[in-house]
Amino acid sequence: MFDIPSFFIDHQIDQDADERTIKRAYAKALKQIDQDNDLEGFQSLREDYERALAWARSKDWREQYVAEQNAEGEQSTDLDSTSAHVNSESNVATSKEDDVIADTYVDSKNVASTEHVSQEPTSSAVENGEEQVVYAIDIARNIFMEFLHHLGEKAEEVGQTEFLLRMYLDDERLINVEIRDLFEWLIAERLAQGWQTGNGDLFGAAVKCFGWHQDKHRILRFHDFGYYLDRAVDEMSAFNLQEEARTNRQVGLIRLARNDAPPTKQFLRENIYFIDEMLSNYPTWLAMVTKYENLQTWHKRAEEYKFFQPPKLSRKALNNFFENNDWSAAIAFCIFVLVMSIGIIMLDSSGTHPSKDSSNTQIISTDASSANLVIQAIRFLEGKDGFSKNEDEALRYFKLASDNGSLEGDIGLARIYQNEKSKHYDPASAHRLWFGAAEAGMPEAWLAVALHFDEGIGVEKDVTKALYWYRRSAEFGNAAAIYNLAIKYERGDGVPVNHREAFELYESAAMKGNHLAQGTLSSVYLEGKFGKKVNLQKGLDWLKIVAENGDPKSQFLYAEVFEFAKYGVTQDLEMAANWYRNAQTLGHLEANEALNRVCVKLNRYGCNV
């Protein structure tokens with residue numbers, strides 16, 4: 001049933017040997033290996049040794065598993081014998097039919113009483129007068145299936161998986177060490193099977209909660225799939241060491257790959273380098289957290305389009321270079337690279353980089369890369385890096401990038417066209433560009449397109465299409481999209497009224513920091529909306545959060561709570577004055593009058609200043 005690690009056979013030790021015996025055998029074998037010259041042999045021995053340790057540490061689980069299988073086998077045997085007995089009794093002479101029926105009933109009762117065989121059960125219960133034996137693996141599996149059910153409900157909520165897993169690990173049902181260990185095994189086994197819905201955040205959550213990244217032996221005890229998981233942990237750690245911008249973009253690709261929507265040519269052109277890098281560096285981890293085959297399909301399609309991919313410099317290529325060229329050429333090449341590097345460093349440190357010369361708008365040529373064209377456009381649009389704001393120049397550079405097929409160029413143009421204060425205001429063109437970027441798979445465009453269809457900006461109003469793009473953006477974790485979806489369910493706009501769904505969406509958006517959703521939750525708890533019971537503490541907590549985040553309306557409402565002693569709060573005019581003053585600073589129209597009123601109550605002239 002289980003494959004015994006070769007370490008036990010090679011070193012002639014019993015398969016039930018303890019860790020101490022295994023370590024002694026390893027130390028003895030290690031002395032026979034030249035670690036400096038036989039690296040491969042040392043690595044092989046080390047891997048065999050770790051497998052042996054994992055085998056020893058999983059002894060209790062194997063015994064439990066075998067007991068479970070034996071119990072199921074004996075149950076099946078008993079049922080077969082019972083069936084045969086009943087059939088033989090039913091063939092007895094028909095003249096004694098009544099007696100036969102009675103005998104069969106008694107025999108079946110006797111069989112039922114021995115249905116469960118005691119094999120070190122975890123617990124037992126009495127049901128219908130018979131003792132029911134419960135095994136640790138059954139308890140662990142039931143908890144695991146319950147966890148998967150809740151995981152499915154939270155699959156679209158980014159960041160909720162770790163919270164859910166920790167909640168289950170704190171469950172009193174997992175206090176038993178053996179059951180808790182089996183629960184961990186079941187999660188590890190699910191992850192090792194590859195991508196499944198809900199696995200997106202489960203791998204990272206499991207690594208943190210079980211400490212797999214800190215204790216290598218803990219994960220290697222899972223036998224073959226333990227090594228698979230260990231490799232994935234290393235790849236995930238390397239992935240997280242990248243710069244934030246690169247990581248965020250690749251995370252977006254990983255989430256998109258979980259869906260089967262085919263990518264556009266533009267999308268592949270913009271992302272092929274990131275896709276190629278991920279497939280090369282993180283294959284094991286990706287196979288667990290996304291649909292790996294989708295990434296492979298995207299890469300293959302990009303190759304069919306013959307998109308350029310940067311050459312990879314290998315050690316073999318370097319060796320060939322020095323073998324096939326004389327040393328003088330190699331030395332000249334190294335000197336050239338060194339001089340160029342020093343020149344670049346001196347140029348940067350002098351502060352006279354030509355791109356910061358605002359007097360010259362032709363710094364970047366028209367045949368520059370799309371990325372550089374977009375950077376130059378942003379400099380002009382926002383007045384960055386020594387450049388004066390120049391919307392016309394920003395528009396020109398964005399157009400150059402857009403003409404080269406850059407989605408970032410399209411989005412830059414769209415932002416200018418959708419600005420009502422701009423002389424280039426053109427909502428129809430803005431929508432066309434946003435829509436193209438959305439169809440190409442750019443998440444930041446999904447919400448913009450949803451708003452256009454929802455409000456009829458630059459396109460005919462279409463609630464059905466708005467809902468589609470709201471949902472896509474919400475699935476990606478966009479808090480504003482989640483909030484707008486909640487409004488639809490609350491009002492029944494394009495969907496049936498569903499206050500329960502609306503509340504859950506408001507709650508999700510609030511947890512992601514959307515202050516409008518947070519304000520809505522405050523009123524829900526303070527006033528008992530959506531069928532929820534009034535909860536003053538929760539309502540005031542949410543109101544305070546929104547006020548502290550700088551929302552003037554919430555600051556005004558929070559000030560009223562202290563001025564008029566609402567919701568059971570003790571009156572505090574000083575606190576009320578402070579919050580009214582904050583709201584006044586942020587431009588709330590009624591805050592000045594309210595602040596004057598509180599100043600009068602405090603008998604303090606000029607406290608509104």
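The values are calculated or read from the model by the stated rules, or taken from the named source; none is laboratory data. These numbers were taken from a predicted model, which means no experiment stands behind them. In this analysis, Cβ positions are derived from the backbone assuming ideal geometry, glycine residues included, and neighbour counts consider all displayed protein chains. Just the protein is used for accessible areas: all its heavy atoms, side chains included, with ligands, DNA and RNA removed. Shrake-Rupley method; radii C 1.70, N 1.55, O 1.52, S 1.80 Å.
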With each pseudo-label sitting 7 Å past Cα toward Cβ, what's the Phe42-Arg166 distance in nm, one decimal? 4.0
Please arrange Ser422, Ser280 by accessible surface area, largest first, computed with a 1.4 Å probe and ligands excluded. Ser280, Ser422
Between Thr297 and Glu277, with labels modelled 7 Å along Cα→Cβ, what's the label distance in nm to one decimal, could you check? 2.5
From most to least accessible, 1.4 Å probe, no ligand or DNA/RNA atoms counted, Arg432, Arg258, Arg173, Arg415 line up as Arg432, Arg415, Arg173, Arg258
Compute the distance in nm between two label points, each set 7 Å from the Cα along the Cα-to-Cβ direction, one at Asp493 and one at Ile33. 6.7
Gain in length, Asp392 to Asp16, computed as 0.36 nm per residue apart minus the alpha-carbon separation, to one decimal in nm? 127.6 nm
Report the net charge of residues surrounding Phe274, where surrounding means a beta-carbon distance below 10 angstrom and charges are Lys +1, Arg +1, Asp -1, Glu -1. -1
Please work out the FRET efficiency for the pair His217 and Arg249, using the Cβ-Cβ distance as r and a Förster radius of 30 Å; give the result to the nearest 0.05. 0.30
Once all protein chains are kept in place, Tyr305 shows an accessible area at probe 1.4 Å, nearest 10 Å², of 90
Filter Lys544/Lys566; Lys31/Lys59; Lys512/Lys532; Lys421/Lys553; Lys300/Lys399; Lys389/Lys421 down to the pairs with a C-alpha to C-alpha distance above 23 Å, please. Lys31/Lys59; Lys421/Lys553; Lys300/Lys399
Val177 to Glu593: extension gain in nm, 0.36 nm per residue of separation minus the Cα-Cα distance? 143.4 nm
